[in-house]
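First up is the structure itself, then whatever we jot down about it.
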Amino acid sequence: MSKKHPIISVTGSSGAGTSTVKHTFDQIFRREGVNAVSIEGDAFHRFNRKDMKSELDRQYAGGNVGFSHFSYEANELKELEKVFSQYAETGTGRTRHYVHDADEAEKYGVPPGEFTDWAPFEDGSDLLFYEGLHGSVVNDEVNIAQHADLKIGVVPVINLEWIQKIHRDKEKRGYTTEAITDVILRRMYAYVHCICPQFTQTDINFQRVPVVDTSNPFVARWIPTPDESLVVIRFRNPRGIDFSYLVSMIHGSWMSRANSIVIPGGKLDLAMQLILTPMINRLVSESKRA
Ligand SMILES: Nc1ncnc2c1ncn2[C@@H]1O[C@H](COP(=O)(O)OP(=O)(O)OP(=O)(O)O)[C@@H](O)[C@H]1O
Ligand SMILES: O=C(CO)[C@H](O)[C@H](O)COP(=O)(O)O
C-alpha cells in the first residue's frame, strides 16, 4: 500500500469480464482527469505460447495435470510483486504485452503467442491499474494483495464465466468450443487453488448472476445480456459505504446482506461509477498530499 503511488488491482478469471470492467475504469479516469498507467496480468505469464505448450507436455508427463495459465508457477508472480512494490515506492516500473491474436499482433508488431519487449512506465502517473488473473495473490512466495490499495474481484457465477469465455475465445481468438472446453477442464484445479482464494482478499467483488437458464454453458448461443442478469456487489468492509445512497440511486437495487447489494445487470456501469469514483478520487487526492 502506498499513499504516494496508489495501486488498483482488478482480478478475475479468463473471460470473467476484467477487460470490460477496465473500460469503465478508463471512463472514470478520463472524466476525473486521472493519469493511470495500466498493466495486463497476461504480461506476467512465464512462457510464450510455444514454450507453454512444451511446459504443459513436460508437466503432464511428470504427473502434474493441474498445471495451467492459472497456476502460480506458470506466471512471473515475483516479477509482478516487484512491479507493484517498486511502483508503490517510486511511481516507476515496467510492463510488456502478451499478444493473443492477429489484431493485437498488428497493434504491437509481434506475432500471436509472443511477448513484446519490456518497456518502462511513462513518468508522472497518478496511479497504477492492474487487470488480470493474479492481482490479489497471497501464497508462500508472494504477497501481491498487500501492495494494492483498492482490490476488485470480477466473478460471474461459473456457468456464465464459461459462456463468456467460450464466446470471447471463439470470436476474438479463433478457438473451437472443444479446445476451449479442454482448457476450462485443464484449468479447474488451479481455478480452485489459485483463483478463488483471491476473492477473499479483494475489497469489493462484482458477481454477475444470470436469471436465464445457463445449465449447459457449452451450447449457449449467446451471452446472457445485462437485462438477463443481476449483479451482487459485496464489500469486504462495509464501514463507510453509504448503502442507502446506493440503493436510492440505483433503481431496482436492494441489500441482500449487511455488506452486499444486488443491482439489475444493466446498472453495473452506473453502480461502478457511483462506488468507485469517490474511492479513486480519495486515493489520488491523498497521494497528492503525501
Ligand atoms: N457485464 C457484462 N455483460 C455482458 N457481457 C459481458 C459482461 N462482462 C463481460 N462480458 C463479455 O464476456 C466476454 C469476456 O469479457 P472480457 O474480455 O472482459 O474478459 P476478461 O476477464 O478480460 O478475459 P481475459 O482476462 O481472458 O482477457 C466478452 O465477450 C464480454 O463482452
Ligand atoms: O486469457 C488468457 C489468460 O488470462 C489466456 O488464456 C492466456 O493468456 C493464454 O493465451 P493463449 O491461449 O492465447 O496463448
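Find which of Trp222, Leu160, Ile204 sits farthest along the positive direction of the dipole of the chain, computed with +1 on the beta-carbon of Lys and Arg, -1 on that of Asp and Glu, about the Cα centre.
The residue sitting most towards the positive pole is Ile204.
Can you count the Lys pairs in the chain whose Cα atoms are under 18 Å apart, with each pair 8 or more apart or on different chains?
Counting lysine pairs in the chain gives 12.
How much of the DSSP bridge set in the chain is antiparallel, in percent, rounded to the nearest 5?
On the way: 20 of 37 bridges.
DSSP beta bridges in the chain are roughly 55 percent antiparallel.
Could you size up the charge dipole of the stretch 94-153 around its Cα centre, putting +1 on the beta carbon of Lys and Arg and -1 on that of Asp and Glu, and report it in debye to the nearest 20?
Magnitude of the dipole: close to 140 debye.
Indicate the helices, whole DSSP H runs only, in the chain that combine a mean Kyte-Doolittle hydropathy of -0.5 or more with a Cα extent along their long axis of 15 angstrom or more.
Values: long enough: 18-32 (21 Å, -1.01); 49-61 (18 Å, -1.95); 77-90 (19 Å, -0.59); 158-173 (21 Å, -1.56); 268-289 (31 Å, 0.32).
For the chain, where a helix must reach 15 Å along its axis and average at least -0.5, the hits are 268-289.
Largest first and in whole Å, what are the equivalent-ellipsoid semi-axes of the chain based on the Cα gyration tensor, each being the root of 5 times an eigenvalue?
Values: eigenvalues 168, 132, 60 Å².
Taking √(5λ) for each Cα gyration eigenvalue gives 29, 26, 17 Å.
None of the figures in this text is laboratory data; all of them are computed from the coordinates on show. Note that the coordinates shown come from a computational prediction; the quantities given were computed from them, not determined experimentally. We place every Cβ from the backbone using ideal geometry, glycine too, and count neighbours over all the protein chains shown.
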